[in-house]
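Submitted below is the structure of interest, expressed as structure tokens.
The values are calculated or read from the model by the stated rules, or taken from the named source; none is laboratory data. On a predicted model such as this, the values are computed, not experimentally measured, just so you know. Quick reminder, even Gly has a Cβ in these numbers, built from the backbone with ideal geometry, and neighbours come from all protein chains shown.
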Amino acid sequence: MEKNTRLVYSSDPELNRKCEKCKEVVSECTCVPEHDPKTYKFIAILRMEKQGRGGKTVTVIDRLPKNEIFLRELTTLLKKKCGAGGTYLMDGKEGVIEIQGDKRELIRTLLKKEGIQSKG
């Protein structure tokens, strides 16, 4: 059943609190809650892609939790340790990290040190 009412005024500060992402009142927020990566069980999939990138190779780490802070920190760590550029994407229902070059062996060891299981 859809709610056809909207909060107009309330003196209760808890009801007037706004969501950080969509700036709506918390009771009417439609944002998808982010998973805590420490409680979320996942296995990262490593693969190398070359197609559609002008002949350049890219190591892709797929099936990561869709948590922006987690992805940003992990991407920064991998870029520094690999000495290469890269980015993270939050397309679809999972997070993806792309690191320039074929760095699968190095990334596999770095993920193991971080306590993240990986395949590929």
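I need the strands (runs of 3 or more DSSP E) fully contained in region 42-90, keeping only those with at least 1 residues that are hydrophobic (A, V, I, L, M, F, W, C) and touching a residue at least 12 places away in the same chain (Cβ under 8 Å).
Numbers: elements: 43-49, 58-64, 86-89.
Per the criteria, 43-49, 58-64.
Could you check residue 39 against (1) loosely packed, with under 12 Cβ neighbours inside 10 Å; (2) modelled with pLDDT of 90 or more; (3) not basic (Lys, Arg) and say which number it fails?
Every condition holds for residue 39 apart from (2).
Do the conditions hold for residue 119, that is, is it closer than 28 Å to residue 21 by Cβ, exposed (fewer than 12 other Cβ atoms within 10 Å of the Cβ) and touching a residue at least 24 places away in the same chain (Cβ under 8 Å)?
Values: closer than 28 Å to residue 21 by Cβ: no; exposed (fewer than 12 other Cβ atoms within 10 Å of the Cβ): yes; touching a residue at least 24 places away in the same chain (Cβ under 8 Å): yes.
Spelling it out, it is not the case that residue 119 is closer than 28 Å to residue 21 by Cβ, exposed (fewer than 12 other Cβ atoms within 10 Å of the Cβ) and touching a residue at least 24 places away in the same chain (Cβ under 8 Å).
Only one residue in 107, 69 is of a type in the set (A, V, I, L, M, F, W, C) and either touching a Lys or Arg at 6+ places or on another chain (Cβ under 7 Å) or within 15 Å of residue 43 (Cβ to Cβ) (or both), so which one is that?
107
How many residues, within region 92-115, are among the β-branched types (Val, Ile, Thr) and touching a helix residue (DSSP H, G or I) at 6+ places or on another chain (Cβ under 8 Å)?
Filtering region 92-115 down to residues among the β-branched types (Val, Ile, Thr) leaves 96-97, 99, 107, 109.
Going one step further and asking which of them are touching a helix residue (DSSP H, G or I) at 6+ places or on another chain (Cβ under 8 Å), we end up with 97, 99, 107.
Counting residues in region 92-115 that are among the β-branched types (Val, Ile, Thr) and touching a helix residue (DSSP H, G or I) at 6+ places or on another chain (Cβ under 8 Å) gives 3.
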